[in-house]
Amino acid sequence: MITEIKVEIKKLPHGELPCYATIGSVGMDLYAAVDAPVILRPLERFLSPTGIIISIPNGFEGQVRPRSGLAAKYGIAVLNSPGTIDSDYRGEVKVCLINLSDQSYEIKEGDRIAQILITPVPKIIWHSVEEFTIDETERHTGGFGSSDSPYVDVAAFEKSTLLEKERILTQKIVRNRTSLHYAAIQGYTEVAKPLFITEYVSFHRTI
Ligand SMILES: O=c1ccn([C@H]2C[C@H](O)[C@@H](COP(=O)(O)OP(=O)(O)OP(=O)(O)O)O2)c(=O)[nH]1
C-alpha cells in the first residue's frame, strides 16, 4: 500500500520540482540550480542551490542523499550525507557536494545532483532512568568494530559476572571455537557446557 503525503513546495525561478526517476524510486532527484557551470576540483566542495523551498509537515524530515551513479562514476558525494531538512526550515534546499576523485567535475544547470526523501520521524521524549528496563543485550557496550574480533577479551571476561560470561561465550562460540577452548582451559566448562550443546552444534551445522 502506498501512502501519499502532500508537501507544499515553492519553485524559485531557477528551480525545478524534484521528481521520481522511476515508479519505484524512493528518492526524488534534486537539480542543480546554478546560473553558470561550476567546476569542482579534486577535494573541492560546493553548496549547490536547488531552486526549491519546501514546507515539510511536522513529524517528518527531509533527507538529502547522494546519487550512487555520481559517486561510483565520478567520486561526487554529499559531504554531510544525509543532509537534514528540518520541518521548520523555509530557506532554499541546498546540497553540499564534494569531489572525492582526482579529476575535476563540472556541474551544469539542471544536473541531477542528489535525491531527497521525506520520511516520518517520531518525536522523542527523554525518560531519565537509573536502570534500563532491558539492560542485557547481545551487543551490550560493544561498538566500533567490537563484533570483528572472534576472540574473547580475557581481561574483560575475568571481570564479568556469570551472566555476562554466558553472554560472551554464547556470542564467541558461534563465531569461533577459540573462546570455547579458552572457557574449558580456564575452568568455565560449567558455563560453557549447556552452551556447548546448543551453540557448538549449530556452529558446526552452519560451517
Ligand atoms: O543538506 C542540507 C542540510 C541542511 N539544509 C538546511 C535545512 C536544514 O533545516 C538547515 C539546517 O541544517 P542542519 O541542522 O543540518 O545545520 P546546522 O549546521 O545544525 O545549522 P542550524 O544551526 O541552522 O540548525 O539547513 C539544507 O538545505 N541542505
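Compute, for segment 64-139, the length of the dipole vector about the Cα centre, with Cβ point charges of +1 (Lys, Arg) and -1 (Asp, Glu) only. Units Debye, rounded to 20.
Once rounded to the nearest 20, the dipole reads 580 debye.
What's the FRET efficiency of Arg90 with Ile134 using the Cβ-Cβ distance as r and R₀ = 45 Å, to the nearest 0.05?
That gives a FRET efficiency of 0.65.
Would you mind checking which residues have amide H under 5 Å from Glu61's amide H? H placed 1.01 Å from N; only 5 or more apart, or other chain.
It is Thr119, Val121, by chain and number.
Applying the Karplus parametrisation 6.51 cos²θ - 1.76 cosθ + 1.60 with θ = phi - 60° to the phi angles of segment 108-115, what ³J(HN,Hα) value in whole Hz is obtained for each residue in order, glycine and proline being reported as x?
Listing the rounded values in order: 10, 4, x, 5, 7, 9, 6, 9 Hz.
List the residues whose amide H sits under 5 Å from the amide H of Leu40, counting only those 5 or more places along or on another chain, with H placed 1.01 Å from N in the peptide plane.
Tyr105, Glu106, Ile107
Taking a ≥ b ≥ c as the square roots of the Cα gyration tensor eigenvalues, with a/c under 1.5 meaning rounded and otherwise prolate when a/b beats b/c, else oblate, which class fits segment 1-150?
It comes out oblate by the Cα gyration axes.
Which cross-chain or sequence-distant (5 or more) residues have an amide H under 5 Å from the amide H of Val95, H modelled 1.01 Å from N in plane?
Ser48
Output wanted: per-residue J couplings in Hz (rounded whole) for segment 87-103, from phi through Karplus 6.51 cos²θ - 1.76 cosθ + 1.60, θ = phi - 60°, x for Gly and Pro.
5, 9, 7, 10, x, 5, 5, 10, 10, 8, 8, 9, 9, 9, 9, 9, 10
Give a residue-ordered list of calculated ³J(HN,Hα) values for segment 48-58 (Karplus: 6.51 cos²θ - 1.76 cosθ + 1.60, θ = phi - 60°; whole Hz; x for Gly, Pro).
8, x, 10, x, 10, 10, 10, 10, 6, x, 4
Length gain on complete extension for the stretch Ala71 to Glu4, per 0.36 nm per residue less the alpha carbon to alpha carbon distance?
Result for the pair: 21.2 nm of gain on full extension.
What pairs in Lys6/Lys123; Lys6/Lys73; Lys73/Lys108; Lys11/Lys108; Lys11/Lys123 have C-alpha atoms more than 22 Å from each other?
Beyond 22 Å between Cα atoms: Lys6/Lys73; Lys11/Lys123.
Which order do Ser68, Ser25, Ser101 fall in if you start with the one that has the fewest other Cβ atoms within 10 Å?
Ser68, Ser25, Ser101
How long are the semi-axes of the equivalent ellipsoid of segment 1-76, defined as square roots of 5 times the Cα gyration tensor eigenvalues? Whole Å, largest first.
Gyration-tensor ellipsoid for segment 1-76: 25, 17, 12 Å.
Readers should treat all values here as calculations from the given coordinates under stated rules, not as data from a laboratory. From a predicted model like this one, the values you see are computed outputs, not experimental measurements. All Cβ positions, glycine included, derive from the backbone under ideal geometry; neighbour counts span all protein chains shown.
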